[in-house]
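To keep things clear, I will list the structure first and then write my remarks on it.
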Amino acid sequence: MDDITMPQLGETVTEGTIIKWFKKVGDEVAQDENLFEVSTDKVDSEVPSTTAGYLAEILVDEGQTVDVGTRLAVISGQPPDGGGGSQDEGATSEAETDETDGAEDGDADSESDAEDGDADSESDAEASATPGPSSETEAAADEPDPDSESRPQKAEAEATATGSDAASGSRRQKTKEPAQAEPPTSAGAAKDNGEGGRSTSPSGGRLLSPVVRKLIAEHGLDPSKIPGTGQDGRITRADVLGQIDQDASGGPERDTAPAPAKAPAKAPAVPAAKPGADDIVVPFSNIRRRTAEHMVRSQATSAHVLTVTEVDFEAVERVRQAAKKDFKAKEGFSLTYLPFVARAVVDAIEDFPHVNASVSDDSLILHRPVHLGFAVDLNFEGLIVPVVHEAESRRLVAIAQSVAELARRARSRELTADDISGSTFTITNPGPFGTFITAPVINQPQVAILSTDGVRKRPVAIELPDGSDAVAIHHVGNLALSFDHRAFDGAYAAAFLGRIRQILETRDWSAEL
């Protein structure tokens, strides 16, 4: 008998959610054959079996979230008797853990690095694009609440009947060291024993999943004032996000903030859409839900402002055209506009460091390394933002190589959690789809995101060597910066964009190839 455990999928990852089992109990499993798919707060991964044999037991059901190292399944050298699929009582008790959401905090808008309107806009382009507002990681829509469906029915009945003592005993049974359960101490969130365990809130004995507790605590909400739409009236993630949106749009103030002299009128709750007879219901994927939640949280957190500048890419285009055949023959992918923009961004951040930062409680945290995130479109099924770490140490070709390799691994589902962690500034590239101006949503906890829109041939006024003016046809495109007005003002953002434009238009790019 060999145990299959939850793998460590990144240095900062401590838990994962089982999305799908590729095998049933009784199935034969080859070593290195994909056994299950797991989602973390950073990335979704297909995990191969570490041993060969037969799947004797599945200890953790789809939808459950468990800590790294938790036993997930048992592989046997012989087919299990009866080939059945039920777990024994002890296995079920051991596997019971709390479902959390794989909500991603960090990663955000989509982009492909194929060049716009050019013959070498092809499938090996570095990153694929989708406008920011529809981009990054988890819509809380009509998906069943994990609190009501993922755990076995028996576990729910026991938790409700016995209260916090039974929940505490179950948690102690799962851990090597005793864990003392404590009663909840605040109305904003249920007490967590450190394992993300399910516990009862002080509001009428309602059960709250870890992701719901986290959202309630982060936004200082009172669970007793949130109407639940889940099974048996439970509060779902959608309920909490709806309450947050309601408060942001003029609802009652939270308990943690002093009431204003005149409270704004309460905005009516938006009812959930109901499908008609001829409608098609498409369930949200895990990455779609994470993207939606991340974007909603970003809009509620940052004071978004958009600043746009026009860039003459003619100097870049001449270098690209002169080098594109040799570059592709040597590197295996096309030389597009994206690495030029990325290189200019890195250099401009050196002069405008407040762009590469995060907002703290009452201060701005400036990040010295520039970890550039690039949103990659996954065949219109979702977005992911791999990161070029320490991009300030790379020149044009090295950045192009890194972006192309990360985009390839993203589409083949080979990224690790570390590949998409720690970004400090994000570039989104919808330009290959011919966009004019895109207003992307900031990838929290960053303070800015840059959109590289379509580059087209346009008539422009130029100054000739003799000082006279003329009209010429140049390659021109827009760069759009969404920034957090809490971090800096419009003049700073405009100057940063102006520096990027200056670098792109005046640098001798041939020296970097």
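Return the loop-located chymotrypsin sites (Phe, Trp or Tyr not before Pro) in segment 389-481 (DSSP other than H, G, I, E, B) with at most 15 other Cβ atoms within 10 Å of their own Cβ; answer none if there are none.
Phe436
Give a quick list of trypsin sites (Lys or Arg not before Pro) in segment 14-61 that DSSP marks as loop, anything other than H, G, I, E or B, with at most 15 other Cβ atoms within 10 Å.
Lys24
Taking the Cα centroid of segment 41-80 and of segment 308-339, what is the distance between the two, rounded to the nearest whole Å?
46
Readers should treat all values here as calculations from the given coordinates under stated rules, not as data from a laboratory. From a predicted model like this one, the values you see are computed outputs, not experimental measurements. No Cβ is skipped: glycine too gets one built from the backbone with ideal geometry, and neighbour counts run over all protein chains shown.
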